[in-house]
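As structure tokens, the structure follows; a few thoughts come after it.
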Amino acid sequence: MAQESSQGPDRGLHRVVVIVDENSNPFELGCATEIFGLRRPEIGRDLYDFRLCSPEPSTLMRDGFFTLAGVAGLAAADTADTLIVPNRPDVEVPRRTAVLDAVRRAHARGARLVGFCSGAFTLAEAGVLDGRRATAHWQWADTFRARFPSVRLESDVLFVDDGDILTAAGSAAALDLGLHVVRRDHGAEIANSVSRRLVFAAHRDGGQRQFVERPVPDLPDESLAPVLVWAQERLDSPLAVADLAARASVSPATLHRRFRAQLGTTPLAWLTGERVALACRLIERGESRFELVARRSGLGTATNLRALVRRETGLTPSAYQRRFGLDGRTG
């Protein structure tokens, strides 16, 4: 059994609604609930008005593990500011018409749509992904392309943010995309707080690879954790990949291979992402001197800061400050 909503309705908050349908995956449902549905006493305010809905009073979840009941009816999807569509392991079975119609109505009125894992199939069946970028789990890439050739599938990334439609790849990527949405809505500081509550990486860029090789290490000190912590404590210093390699006592080529294997990205891309995240936090905390932000975050100049913050967030530092800075926050 489930309650209709984990928090009382408050139309002053952005409403996130999850459609649960027959054979939906519990993990992605749990991810959505953890990220968008829990109260945040550590933040001091709620971030979203969250609810579940279903086309049936009782919904049998994946493989009959359990039955979900006591949630809102499908009409709740028509109140969503963000609608998370259902997914399931059997991608060959079409979604019921009522669910697809709800997705189409949400898209037509400008709601944000989110698909976790095979949820991209639901979005594509509804016809809202035609000509758009999306991703899905790598094992279904060929099937997806064959069925939906008009969708621009990016099969080797964690998630795709195409503005008002966002899709995540495999199950764990739902957490990455969910935190990305929180970061987009509330800024890096709040997203970091949510990630700490989840004990999950605060920021993995959507462009990282889905399939990350994790071979059994030959030596116990091959973990990147020590060098990552060391670098995060020195982001304002002129660190280069060679410095990270020296700290790890390996060659730059070996470090590059380990980053690719363990994080699915390059040392330089990771370092740049960490610096941009620090810059965003400084801006959110009230620092308006962008040259100083650039120096403290290791980005060098205000020009470089503007370019990288805009690339990562879609906003200029000034716009980011107006939206997420101390004076721009609400609640």
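The values are calculated or read from the model by the stated rules, or taken from the named source; none is laboratory data. Note that the structure is a prediction, hence the values are computed from the model and not measured. Using ideal geometry, Cβ is built from the backbone for each residue, glycine included, and neighbour counts are taken over all protein chains shown.
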| message | Please determine whether any residue of the stretch 267-280 is assigned to a loop (DSSP other than H, G, I, E, B) and not assigned by TED's automatic domain parsing to the domain that holds Ala188. | response | no
| remark: Within the stretch 108-132, the residues that are in a helix (DSSP H, G or I) and more than 22 Å from Thr33 (Cα to Cα) are Ala108, Ala124, Glu125
| message | Need the failing condition index for Arg323 against (1) touching a residue at least 24 places away in the same chain (Cβ under 8 Å); (2) under 18 Å from Asp236 (Cα atoms); (3) touching a Gly at 6+ places or on another chain (Cβ under 8 Å), just the number. | response | (2)
| said: Within the stretch 254-301, take every residue that is in contact with a Gly (Cβ under 7 Å, 6 or more places away or on another chain) and surrounded by 15 or more Cβ atoms within 10 Å (Cβ to Cβ) and give me the one that is farthest from Ala172 (Cα to Cα). | reply: Ala294
| field | Failed criterion for Asp162 (all others in (1) surrounded by fewer than 21 Cβ atoms within 10 Å (Cβ to Cβ); (2) more than 19 Å from Thr82 (Cα to Cα); (3) modelled with pLDDT of 90 or more hold) | value | (2)
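Conditions (1) touching a His at 6+ places or on another chain (Cβ under 7 Å); (2) buried (at least 18 other Cβ atoms within 10 Å of the Cβ); (3) assigned by TED's automatic domain parsing to the domain that holds Ala136; (4) among the charged types (D, E, K, R), marked per residue:
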{"position": "Pro26", "(1), (2), (3), (4)": "no, no, yes, no"}
{"position": "Arg45", "(1), (2), (3), (4)": "no, no, yes, yes"}
{"position": "Ala69", "(1), (2), (3), (4)": "no, no, yes, no"}
{"position": "Val103", "(1), (2), (3), (4)": "no, yes, yes, no"}
| field | Residues located in the stretch 128-151, provided they are of a type in the set (D, E, K, R) and under 19 Å from the mean Cα position of the chain (by Cα) | value | Arg132, Arg133
